[in-house]
Amino acid sequence: MQISLPEHVTEIIERLEDAGYEAYAVGGCVRDCCLGRTPKDWDITTSAKPMQIKSIFKKTFDTGIEHGTVTVVLGGLGYEVTTYRIDGIYKDSRHPESVSFTSNLTEDLKRRDFTINAMAYNKKAGLVDVFGGRGDLEKGIIRCVGNAQERFSEDALRMLRAVRFSAQLGFEIEKETAEAIRALSATLKNISAERIQTEIVKLITSDHPEKMADVYKLGLSRVFLPEFDVMMEAEQINPHHIYTVGMHTIKVMENVPPERELRLSALFHDVAKPKCTTLDENGINHFKGHPKEGAKMTKTILKRLKFDNHTIDRVCHFVLWHDANPELTPKSVRRLVSKIGRDYYPEMFALKRADVKGQNPVFADEKLRRIDEYEKLYNEIISAGECIDIKSLKVNGSDLIKEGFEEGAVIGSCLKELLHLVIEDPELNERETLLTIAREQFLERN
Ligand code: CTP
């Protein structure tokens, strides 16, 4: 097995070796190279102690010196170089109470999470694969190094990482590793929302978002996303549906492109369905009001998982509007697009199509045809340059001030009213026409 290391990585390894130490590329980068993928970053492990690393390279940062990590800067890029390490006892599934340095590479590889992440490589030694990582990569298996319960007790996030890697690589989690997750899933409560967020985003934006079902089955979502458990357990007795809310959600995620906002919107679009479910006299479920309630719940959940406000706003907006359908006329489409906002298109179509694909296929063709028509009308509106928001009105606030309007709220409400009129009749979007309307309806009236 030969890996072609980038120039800087070779340089770091060789300079450490020239100074009498061992050094290897290690972890994710070796795994990715074995898979023929391009690594995102290169980590280096070495027998040199942090002070020794620092004395060899001109430019370094103390990244986590107490854990043995120094960032070496070469050609403007940073490479994490970490001393071979044995982790001490972990207090709270998060932090080792102490770390000690070792001069033995195998000891360092032993503390790592999964066999596929516990391989090292340099030119001289070739691939160092003490725990069968290469074989597991070939078999498509996520397996802990050594005792799985011990590895998960050291860092509970590793349980979610196991499912995340299985989603990114399309792998299965080995039996003992899966059993250890089931046994220890509750300890995920010790992990910060930020770290969970990172893993869950990587998982749902992967090629296998359906692995969310494993997050549920292994008892992990119960800890940080109990709403998903409720969805997985909610039947939909309705001719339009053939799946539980949770399985439908997974189908929708699979059918939208792997973009963060869209996958999150797919994950939460029906979050409120269980709460909004009613049963009519014919034994059929209805879910009235679920988009609105869903947007509220999504906000609470995304805040709890410490997402940024921009993402929260956008995802909640997708959830709120995912079920809105215009009549298939230009006017009705203009009205709805204007209400929802241009910034949510064309992604909204992707979400709506995926939603249909996760429902009873008997009605899919007709529903998809309507979405095609909706999109066609939308495209015609956009290519004709028709106005659907205030900024594409042919007058703006300063024009109104020049007409004699007072600065303040009245300008906003006048522009809103003009937009309303233009949406009803696009031909009104002419400067003189709009100024005349503004004068007659606002200035002279007030
Ligand atoms: N590691 C570990 N336990 C963790 C996190 C990381 O044992 N909880 C080890 C693994 O050997 C891993 C390496 O540290 O390969 C680097 O971790 P990280 O950068 O988080 O993951 P990668 O494997 O590089 O994968 P990705 O970049 O996709 O997250």
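Check whether at least one residue in the range 305-314 is over 18 Å from the mean Cα position of the chain (by Cα) and assigned to a helix (DSSP H, G or I), and report yes or no. The answer is no; no qualifying residue exists.
Take E293 and decide whether it is in contact (Cβ under 8 Å) with a residue 60 or more places away in the chain, more than 16 Å from the ligand (Cβ to nearest atom) and outside any loop (DSSP other than H, G, I, E, B). Let's see the steps before the verdict.
Working: in contact (Cβ under 8 Å) with a residue 60 or more places away in the chain: no; more than 16 Å from the ligand (Cβ to nearest atom): yes; outside any loop (DSSP other than H, G, I, E, B): yes.
Here the answer is no, as E293 does not meet what is asked.
Here is the figure for the range 14-62: residues that are among the hydroxyl-bearing types (S, T, Y), within 16 Å of the ligand (Cβ to nearest atom) and in contact with an Asp or Glu (Cβ under 6 Å, 6 or more places away or on another chain) total 1.
Does at least one position in the range 76-90 carry a residue that is at pLDDT 95 or above, more than 16 Å from the ligand (Cβ to nearest atom) and surrounded by 17 or more Cβ atoms within 10 Å (Cβ to Cβ)? No; the residues of the range 76-90 include none that is at pLDDT 95 or above, more than 16 Å from the ligand (Cβ to nearest atom) and surrounded by 17 or more Cβ atoms within 10 Å (Cβ to Cβ). If the condition is being of a type in the set (V, I, T) and either within 23 Å of E154 (Cα to Cα) or not in a loop (DSSP other than H, G, I, E, B) (or both), then the range 168-216 contributes I173, T177, I181, T187, I191, I196, T198, I200, V201, I204, V215.
Look at (1) surrounded by 13 or more Cβ atoms within 10 Å (Cβ to Cβ); (2) not in a loop (DSSP other than H, G, I, E, B) and you find that V362 fails only one, number (1).
Considering every residue within the range 43-51, establish whether at least one is over 23 Å from G132 (Cα atoms) and hydroxyl-bearing (S, T, Y). Before the answer, list the steps.
First, pick out the residues of the range 43-51 that are over 23 Å from G132 (Cα atoms): 48-51.
If we keep only those that are hydroxyl-bearing (S, T, Y) too, we end up with none.
Within the range 43-51 (the criterion being over 23 Å from G132 (Cα atoms) and hydroxyl-bearing (S, T, Y)), the answer is no, since none of the residues qualifies.
Yes or no, residue by residue, for (1) away from the ligand (no atom under 13 Å from the Cβ); (2) crowded, with 17+ Cβ neighbours inside 10 Å; (3) without any contact (Cβ under 8 Å) to a residue 40 or more places away in the chain; (4) among the polar types (S, T, N, Q):
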position	(1), (2), (3), (4)
R111	no, yes, no, no
N117	no, yes, no, yes
K124	yes, no, no, no
E150	no, no, yes, no
L160	no, yes, no, no
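So, in the range 136-148, exactly how many residues are within 25 Å of A23 (Cβ to Cβ) and either in a helix (DSSP H, G or I) or within 10 Å of the ligand (Cβ to nearest atom) (or both)?
From the range 136-148, those within 25 Å of A23 (Cβ to Cβ) are 136-137, 145-146; that's our starting set.
Next, only the ones that are either in a helix (DSSP H, G or I) or within 10 Å of the ligand (Cβ to nearest atom) (or both) stay: 136-137, 145.
Residues in the range 136-148 being within 25 Å of A23 (Cβ to Cβ) and either in a helix (DSSP H, G or I) or within 10 Å of the ligand (Cβ to nearest atom) (or both): 3 in total.
Quick grid of which residues meet (1) outside any helix (DSSP H, G or I); (2) within 40 Å of the chain's Cα centre (by Cα):
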residue: E366; (1), (2): no, yes
residue: C387; (1), (2): yes, yes
residue: F405; (1), (2): yes, no
residue: G412; (1), (2): no, yes
residue: L418; (1), (2): no, yes
residue: Q441; (1), (2): no, no
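If I go through the range 154-167 residue by residue, how many of them are assigned to a loop (DSSP other than H, G, I, E, B) and either of a type in the set (D, E, K, R) or more than 22 Å from the chain's Cα centre (by Cα) (or both)? Show your work before the answer.
Residues of the range 154-167 that are assigned to a loop (DSSP other than H, G, I, E, B), as a first pass: 155-156.
Remaining after also requiring either of a type in the set (D, E, K, R) or more than 22 Å from the chain's Cα centre (by Cα) (or both): 155.
Residues that pass the stated criteria total 1.
The residues on offer are E406, E380, E386, E417, and the sole one that is surrounded by fewer than 15 Cβ atoms within 10 Å (Cβ to Cβ), touching a residue at least 40 places away in the same chain (Cβ under 8 Å), farther than 30 Å from I242 by Cα and not small (G, A, S) is E380. Identify the residue in the range 420-432 that is in contact (Cβ under 8 Å) with a residue 24 or more places away in the chain and part of a helix (DSSP H, G or I) and, among all such residues, is farthest from the chain's Cα centre (by Cα). Checking each candidate, the answer is R431.
The values are calculated or read from the model by the stated rules, or taken from the named source; none is laboratory data. A quick note: this is a predicted structure, and the numbers were derived from the prediction, not measured. Cβ: placed from backbone, ideal geometry, glycine included. Neighbour counts: every protein chain shown.
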